[in-house]
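Here the structure is laid out as structure tokens; the discussion comes afterwards.
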Amino acid sequence: MSMINPFKWKEYFVEKSDKKDTWLNLTKFFAPFGIAGIVALLIIWTGYLKIGGVMLSYFLPPTSLLGRLWAIPFGLRLGLNLWEVIAAVVFVDLITSLFMVWNFDMAIKIPFLGKLILRAEKKGHEYLKKYPFISRLAFLGIALFIALPFNGTNSVIGSIIGRTIGMKPWYAWLAVAMGSVLGCLLVATPIYGAYLVIPSS
């Protein structure tokens, strides 16, 4: 699969779609980055750096490999309340899923990023074989896939699976959103309860 020149994104959009859709495609590509950037600036401006730390630990390796099982206890340990931690994790899932459902076909052609996404797509196909309920239940299947703490389940793979089984982008995104909220509640509620019962040293 050929890679696009990172300095010629606009030419790619024009080539692959009608010119009147070029700016829409560019907006879809850069909007998730813009939203993330605005939120980052707000976090810095308001001094909520702990929330930013939770987001980074959830998004960046190596701690991202543990997903919510790491990020939620980490956030609670920093002194954030339950809803602040859940909001931080869900926001990261929403932004990464939005990018994937809007830009999968183009993103796989970007050097380095494309290889990571193709690797995630391979995992997605493996999960479809391992958990056939995802295809049968479609929207609910993806939500459950994201919610349940299987090893390697995340918003990127969930979005790719949604695309693979033919879901519309917004349906796949909403399924990931629902699964992210449910998954955070499943992990955070018992951990938060333990923090309330067991006094911190």
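Some notes on this structure:
- Phi to ³J(HN,Hα) by Karplus 6.51 cos²θ - 1.76 cosθ + 1.60 over the range 159-167, Hz, x for Gly, Pro: 5, 5, 4, x, 5, 4, 8, x, 6
- Put simply, when 34-47, 62-75 are sorted by average Cβ atoms within 10 angstrom per residue, most first, you get 62-75, 34-47.
- Cβ crowding within 10 Å, taken as a proxy for footprinting-reagent exposure, orders GLU126, GLU84 from fewest neighbours to most as GLU126, GLU84.
- The packing ranking, built from the mean of other Cβ atoms within 10 Å per residue, places the peptides 112-125, 182-195, 157-170 in the order 157-170, 182-195, 112-125, highest first.
- Rg/Rh (Cα only; Kirkwood hydrodynamic radius) as it applies to the range 78-189: 0.98
- Karplus-derived 3J(HN,Hα) values for the range 73-85, using 6.51 cos²θ - 1.76 cosθ + 1.60 with θ = phi - 60°, are x, 4, x, 5, 5, 6, x, 6, 7, 4, 6, 5, 5 Hz; glycine and proline are entered as x.
- Shape analysis of the range 83-136 yields a ratio of the Cα radius of gyration to the Kirkwood radius, Rg/Rh, of 1.07.
- Flagged links, alpha-carbon separation over 23 Å, of LYS28/LYS168; LYS109/LYS130; LYS28/LYS129; LYS109/LYS168: LYS109/LYS130; LYS28/LYS129
Computed from the coordinates by the stated procedures, all read-outs in this text should not be read as laboratory data. The structure presented is a predicted model; accordingly, all values stated were derived computationally and were not measured. Cβ sites come from the backbone with ideal geometry, for glycine too, and all protein chains shown count toward neighbours.
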